[in-house]
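The values are calculated or read from the model by the stated rules, or taken from the named source; none is laboratory data. Predicted model, so just to flag it, every value in this text is computed and none were measured. Every residue, glycine as well, gets a Cβ built from its backbone with ideal geometry; the counts of neighbours run over all protein chains shown.
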Amino acid sequence: MRLPPVSNIAQQVDRTIERVTEGTVTSGFVREWSPPRPSRIPLLPQQKLKLRDVDVILIEDRCKGCTYCIEFCPRKVFEQGKKLNQIGIHPPRIKDSSLCVGCGVCEEICPDFAIFLVDKESSLKNQKIMSEEE
């Protein structure tokens with residue numbers, strides 16, 4: 001297979017560049033530039049989007065400090081705590097439970113089973129039952 005001389009390739013490139021700058025090449029070769037579109041547009045503000053209404057329960061003495069909950073929470077509900085638990089670890093603390101949308105990522109990813117999500121409706125029912133028994 002014989003390749004064309006380099007001078008011919010260079011001439012073709014020069015002609016193509018001239019045609020592009022003149023605007024005579026448009027069919028399928030060069031498109032007009034447009035700014036990239038955002039890949040994701042939020043549907044609702046963060047506070048309004050809730051999957052379920054839950055209370056976040058953190059059992060600090062079970063925590064061994066892996067910080068998966070802090071890293072993987074999509075709404076950054078957790079932050080590093082300052083006090084020590086029984087085994088000498090700084091467990092996370094709940095920064096703002098109102099940010100929680102109830103996705104359950106923290107509950108699923110916690111290797112120590114130290115985080116639980118409890119539906120607010122069921123916890124209210126349990127409180128009413130407990131108060132009626134007394």
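Do we have any residue at all in region 27-42 that's at pLDDT below 80 and aliphatic (A, V, I, L, M)? Looking for residues that are at pLDDT below 80 and aliphatic (A, V, I, L, M), one finds at least one in region 27-42, hence yes.
Across region 57-104, the number of residues qualifying as under 13 Å from the mean Cα position of the chain (by Cα) and β-branched (Val, Ile, Thr) comes to 3. In this structure, does residue 76 turn out to be outside any helix (DSSP H, G or I), more than 21 Å from residue 121 (Cα to Cα) and in contact with a helix residue (DSSP H, G or I) (Cβ under 8 Å, 6 or more places away or on another chain)? So residue 76 passes the test. Can you find, within region 68-119, the residue that is farthest from residue 49 (Cα to Cα) among those that are among the hydroxyl-bearing types (Ser, Thr, Tyr) and loosely packed, with under 14 Cβ neighbours inside 10 Å? That would be 97.
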